[in-house]
1. Amide H neighbours of Val78 under 5 Å, counting only residues 5+ apart in sequence or on other chains, H built in-plane at 1.01 Å?
2. Give me the dipole magnitude in Debye, nearest 20, for the chain about the Cα centre, with unit charges on the beta carbon: positive for Lys and Arg, negative for Asp and Glu.
3. How much net charge surrounds Ala94 when only other residues with a Cβ under 12 Å from its Cβ are counted (Lys, Arg +1; Asp, Glu -1)?
4. What is the packing order of peptides 130-137, 117-124, 151-158, 39-46, taking the mean over residues of other C-beta atoms within 10 Å and listing the highest first?
5. Rounded to a whole number, what % of the accessible area of segment 10-100 do carbon and sulfur atoms account for, probe 1.4 Å?
6. Name the residue from Leu108, Val177, Phe48 whose Cα lies farthest towards the positive end of the charge dipole of segment 43-186, charges +1 on Cβ of Lys and Arg and -1 on Cβ of Asp and Glu.
7. How large is the helix-only mean residue ellipticity at 222 nm for the chain, computed as the sum of -39500 (n - 2.57) over DSSP H runs with n ≥ 4, divided by its residue count, in deg cm²/dmol to the nearest 500?
8. So what's the net charge close to Pro79: Lys and Arg +1, Asp and Glu -1, counting the other residues with Cβ under 10 Å from its Cβ?
Amino acid sequence: MTSTTTYIAFLRAVNVGGRTVRMERLRALFTELGLDRVGSYIQSGNVFFAADDLDGEGRAALTARIEQHLADSLGYPVPVLLRTVDEVEAVLAAEPFAGVEVTPDVRLTVNFLSEPLPADFPVPYTSPKGDYEVIGADAGTAYVVVHLKDGKWVTSGSLFGKSYGGTATSRFLHTTVKILAAARKA
């Protein structure tokens, strides 16, 4: 018996910096890879799909195959952070932002990581400017509280320092909840 798993592909740097792609096109590109029940949520590169036991393909190989197809089709690299619905559900169930006071100048972000933060990265961590705090992390996710300045997100550069060699992509906590709900319906 074959089991089917629903995955969420969090794409980095889609529809920013002049790299625009319509979600219809992204869904078609994932479908071209033979993935089933492909859907998307909003224009920021959140694609979900079903796969049968990865057809014997490991997650790293599937991620590489998706990244290569996107690069070949779109003409630029698109890093992919692949998670199962169950993994995203577990992140949210852990309530990583419990106790954080949300104000109009605070944003809660879930940062999906391609590799763990460096062992020497201190968690919790507050940036020198006080514009963000990394309040927790696990092997695949970092939890960041962003403090807006004059209503704007002014954080730039790598949130995790120069020693972090991986890829990360951020989603607001409330958006992550909605992505998960959409993927569950797929």
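The values are calculated or read from the model by the stated rules, or taken from the named source; none is laboratory data. All of these numbers come straight from a predicted model, not from anything done at the bench. Neighbour counts run over all protein chains shown; Cβ positions are idealised from the backbone, glycine included. The accessibility values were calculated without ligands, DNA or RNA, using every heavy atom of the protein model including side chains. Shrake-Rupley method; radii C 1.70, N 1.55, O 1.52, S 1.80 Å.
1. Hits under the 5 Å cutoff: Ala71.
2. Numbers: 18 positive and 21 negative charges, 138 e Å.
I would put it at about 660 debye.
3. Working: positive: none; negative: Glu87, Glu89, Glu95, Asp138.
Spelling it out: positives minus negatives among the neighbours equals -4.
4. On the way: 130-137: 17.5, 117-124: 12.5, 151-158: 10.9, 39-46: 19.9.
Order by mean packing, descending: 39-46, 130-137, 117-124, 151-158.
5. Details: 2210 of 4440 Å².
The computed percentage sits at 50.
6. It is Leu108.
7. On the way: 4 runs with 48 residues, N = 186.
Per the formula, -8000 deg cm²/dmol.
8. Values: positive: Arg12; negative: Glu67.
Net charge around Pro79: 0.
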